[in-house]
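The block underneath contains the structure these notes are about, expressed in structure tokens.
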Amino acid sequence: MNKIIEKISAMGVVPVVAIENSADAVGLGDALMNGGLPCAEITFRTAAAASAIRTLCNSHPGILVGAGTILTTSDAEKAVDAGASFVVTPGFDSDLVEWCLAQSIPVIPGVMTPTDINSAINRKLNVLKFFPAEAAGGIKTLKAISGPYGSIKFVPTGGITISNLEEYLSLPNVVACGGSWLVNKDQISRGEFDKIESLVREAVQLIDRIRGK
């Protein structure tokens with residue numbers, strides 16, 4: 001778990017991807033690598049999710065590939081079998097979290113309330129997805145919960161864009177952000193991987209500037 005989180009933290013943003021055709025995962029991988037962000041969270045919002053994960057892992061072994069929008073243990077099993085290195089959920093599901101922990105699969109469960117956070121703490125998890133970030137109060141909420149939950153780190157997702165990325169990453173309790181703006185599924189289906197690469201590179205340059213690289 002720690003090694004995965006270290007990699008995610010080092011990158012600063014995780015592209016959140018919905019992909020309709022698994023064959024497009026190769027072009028996606030090229031765009032991510034060329035843009036300087038070797039990471040992707042493939043969401044289980046399409047029927048092609050598992051096969052896309054497998055294709056991306058096989059074509060670009062240097063990319064850290066996770067599975068997002070995991071709602072059931074069955075989906076988690078499919079994702080891991082396809083090669084996903086970590087699992088991300090939109091909400092906190094005890095059974096799903098317990099399965100991931102039992103299988104030693106890094107899991108970043110979604111939370112929105114103090115009750116959710118307490119459930120995660122009880123399972124010794126300290127890096128959580130804050131979702132939906134902007135709708136749930138965004139920066140103000142993350143600042144407010146940093147008091148009682150000082151040891152907890154977050155990956156805010158939902159409503160994050162290039163315009164507010166710096167503000168989120170400047171918070172001490174944020175390790176990285178989930179970014180759906182980086183990879184548009186329509187751009188993927190149209191083969192516009194150069195546009196994806198450009199958006200990725202823009203985000204990487206901003207993160208490097210924030211971190212003084």
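Quick rundown of the values:
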quantity	calculated
Which numbered condition Ile19 misses (of (1) in a loop (DSSP other than H, G, I, E, B); (2) within 14 Å of the chain's Cα centre (by Cα))	(2)
Residues being more than 15 Å from the chain's Cα centre (by Cα) and either of a type in the set (Lys, Arg) or closer than 16 Å to Thr161 by Cβ (or both) - total across segment 125-135	2
Pairs with Cβ under 9 Å, 6+ apart, first in segment 126-144 and within 16 Å of Gly68 (Cα to Cα) and without any contact (Cβ under 8 Å) to a residue 40 or more places away in the chain, second of a type in the set (Lys, Arg) and surrounded by 17 or more Cβ atoms within 10 Å (Cβ to Cβ)	Leu128/Lys153
Residue within segment 85-96 that is under 19 Å from Lys3 (Cβ atoms), out of contact with any Leu (no Cβ under 9 Å at 6 or more places or on another chain) and among the hydroxyl-bearing types (Ser, Thr, Tyr) present	no
All helices (runs of 4 or more DSSP H) inside segment 90-177 with 1 or more residues being hydroxyl-bearing (Ser, Thr, Tyr) and surrounded by 15 or more Cβ atoms within 10 Å (Cβ to Cβ)	114-121, 138-145, 165-169
Set Val174, Val107, Val200, Val183: member being within 23 Å of Glu77 (Cα to Cα), among the hydrophobic types (A, V, I, L, M, F, W, C) and at pLDDT 95 or above	Val107
Gly68, sole failed condition from (1) without any contact (Cβ under 8 Å) to a residue 40 or more places away in the chain; (2) closer than 23 Å to Met11 by Cα; (3) not β-branched (Val, Ile, Thr)	(1)
Enumeration of residues in segment 35-68 that are more than 23 Å from Lys3 (Cβ to Cβ) and part of a loop (DSSP other than H, G, I, E, B)	Phe44, Arg45, Thr46, Ala47, Ala48
Close pairs from segment 149-172: first closer than 15 Å to Lys129 by Cβ, partner among the acidic types (Asp, Glu) and surrounded by 16 or more Cβ atoms within 10 Å (Cβ to Cβ), Cβ under 8 Å, at least 6 apart	Gly158/Glu134; Gly159/Glu134; Ile160/Glu134
Restricting segment 44-82 to residues that are among the hydroxyl-bearing types (Ser, Thr, Tyr) and in contact with a Phe, Trp or Tyr (Cβ under 8 Å, 6 or more places away or on another chain), the residue that is surrounded by the fewest Cβ atoms within 10 Å (Cβ to Cβ)	Thr73
Out of Ile121, Ile117, sole residue that is aliphatic (A, V, I, L, M), touching a strand residue (DSSP E or B) at 6+ places or on another chain (Cβ under 9 Å) and touching a residue at least 24 places away in the same chain (Cβ under 8 Å)	Ile117
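The values are calculated or read from the model by the stated rules, or taken from the named source; none is laboratory data. Here the structure is a predicted model, which is why all the values come from computation and not from measurement. Here Cβ is always computed from backbone atoms with ideal geometry, including for glycine, and neighbour counts include all displayed protein chains.
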